[in-house]
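Trainee: Below are the structure tokens for one structure; questions will follow.
The values are calculated or read from the model by the stated rules, or taken from the named source; none is laboratory data. In this text, all values refer to a predicted model and were calculated from it rather than measured experimentally. Backbone-built Cβ (ideal geometry, glycine too); neighbour counts: all protein chains shown. These area figures cover heavy atoms from the full protein model, side chains too; ligands, DNA and RNA do not enter into them. Shrake-Rupley method; radii C 1.70, N 1.55, O 1.52, S 1.80 Å.
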Amino acid sequence: LQEVTVRASKIKVYHKGDTLVYDAAAFSLPEGSMLDALVKQMPGVEIKENKIYVNGRFVESLLLNGKEFFKGDQSVAMHNIGAYSVKNVAVYEKNEESAALLGDRDDIQKDYVMDVRLKKDYMAGTALNADAGYGTRGRYLGRLFAMRYTNNSRLSLYGNTNNMNISERL
């Protein structure tokens, strides 16, 4: 028998109803990459000034397993969740909370959200990131991120110190 080479490729993105789903395992990332590196590789996704756009449409909320994660500050999740823990990323329109009472109507605003779904092994756990720094002339830099999460609860701590004239979020 002759040697046979089997090549297969994973589907990076697919539609499931009105949801756009990106399979995280289909993207090649260096070890230790964070969520932002994964999102930057996704087709149709752009990050401009720490804001996420999918196919030109602004993503209002970044969810973690369907729940809000540091509402209003997407960069916290982008720089602190390891890409290795992500199963897939879903992008869809989410009805406001009032839609549960009023029903599915066209006049109710729908938010465009990106839902980061974690692998089963990482659904509950603890995450900790810490950086430190010091330099000449009183220069310093600091950062701390700690999180304990389960399906029913989430406790997060985020800190930041800066005397280096860095304008981007750490």
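Trainee: Of (1) more than 15 Å from Leu118 (Cβ to Cβ); (2) of a type in the set (Val, Ile, Thr); (3) touching a helix residue (DSSP H, G or I) at 6+ places or on another chain (Cβ under 7 Å), Ile81 satisfies all except one. Which?
Mentor: For Ile81, the exception is condition (1).
Trainee: Output the residue which, of all residues in segment 150-159 that are in contact with a Phe, Trp or Tyr (Cβ under 9 Å, 6 or more places away or on another chain) and without any contact (Cβ under 8 Å) to a residue 40 or more places away in the chain, is most open to solvent (accessible area, probe 1.4 Å).
Mentor: For segment 150-159, the residue satisfying everything is Leu155.
Trainee: Any residue that is at pLDDT 75 or above and farther than 18 Å from Ile81 by Cα - is there at least one of those in segment 113-131?
Mentor: No, segment 113-131 has no match at all.
Trainee: Separate question: Have a look at Ala77, Ala8 and point out the one that is crowded, with 16+ Cβ neighbours inside 10 Å and at pLDDT below 90.
Mentor: Answer to the check: Ala77.
Trainee: Mind listing just one residue for me: the one in segment 108-139 that is within 16 Å of the chain's Cα centre (by Cα) and open to solvent by less than 40 Å² (accessible area, probe 1.4 Å) and, of those, farthest from Met34 (Cα to Cα)?
Mentor: Tyr112
Trainee: Take the residues in segment 57-74 that are open to solvent by 60 Å² or more (accessible area, probe 1.4 Å) and either out of contact with any strand residue (DSSP E or B) (no Cβ under 9 Å at 6 or more places or on another chain) or at pLDDT 90 or above (or both); name whichever of them is farthest from Ala146 (Cα to Cα).
Mentor: Ranking the qualifying residues of segment 57-74, first place goes to Arg57.
Trainee: Separate question: In contact with an Asp or Glu (Cβ under 6 Å, 6 or more places away or on another chain) and at pLDDT 85 or above: is that true of Asn88 in this structure?
Mentor: yes
Trainee: Specify the residue that is modelled with the lowest pLDDT; the eligible residues are those in segment 145-170 that are small (Gly, Ala, Ser) and under 16 Å from Ala77 (Cα atoms).
Mentor: Top of the filtered list is Ser156.
Trainee: Let me ask something else about it. Kindly establish whether Gly142 is among the small types (Gly, Ala, Ser), exposed (fewer than 14 other Cβ atoms within 10 Å of the Cβ), modelled with pLDDT of 80 or more and over 18 Å from the mean Cα position of the chain (by Cα).
Mentor: no
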